[in-house]
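What follows is a set of notes on a single structure, which appears directly below.
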Amino acid sequence: MRHKADTYDDIMDAKNTFDMNAVGKIVGMGEYKLFEYLRNKGILFYNSNNDNVPYERFMKAKYFSVIDTIAPNGETHSTTRVYQKGIDYILKQLKKDKKKECRLLEVSANA
């Protein structure tokens with residue numbers, strides 16, 4: 001169990017947020033698929049720099065934060081970070097969608 005705690009500390013930064021790659025691993029989805037899922041759910045959108053950023057209401061709810069980062073070419077980009085509360089919210093959404101998907105499969109199988 002100590003190993004999991006060490007890994008948890010390694011992927012969380014000083015502000016208690018996780019990067020999207022780590023969140024993807026936690027929820028069992030690749031980073032790009034997770035971005036796509038969250039955009040389709042109306043949680044994230046592309047900003048003017050084509051960065052995936054959350055809508056304001058999800059930031060106010062303390063699910064996400066956005067930090068500015070500088071790319072190697074000198075351009076500034078917005079990087080979305082996720083609080084533990086945000087991970088819980090994402091997992092809840094995935095679970096809800098999974099139940100809907102299962103119900104749809106049951107209905108189509110019975111038709």
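Any read-out appearing in this document is the output of simple, stated calculations on the displayed coordinates, not a laboratory observation. Since the structure is predicted, the reported quantities are computational estimates derived from the model, not experimental observations. No Cβ is skipped: glycine too gets one built from the backbone with ideal geometry, and neighbour counts run over all protein chains shown.
Overview of values
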item: Distance between modelled label sites at A71 and Y46, nm, 7 Å Cα→Cβ extension; result: 1.3
item: Backbone HN-Hα couplings from phi across the stretch 62-78 [Karplus 6.51/-1.76/1.60, Hz, Gly and Pro as x]; result: 6, 8, 9, 9, 10, 10, 8, 10, 10, 6, x, 7, x, 6, 8, 10, 8
item: Total charge dipole magnitude, the stretch 50-89, about the Cα centre, Cβ charges on Lys, Arg, Asp, Glu only, Debye to nearest 20; result: 280
item: Gain on full stretching of the segment that runs from K33 to N16 - 0.36 nm per residue minus C-alpha separation; result: 3.8 nm
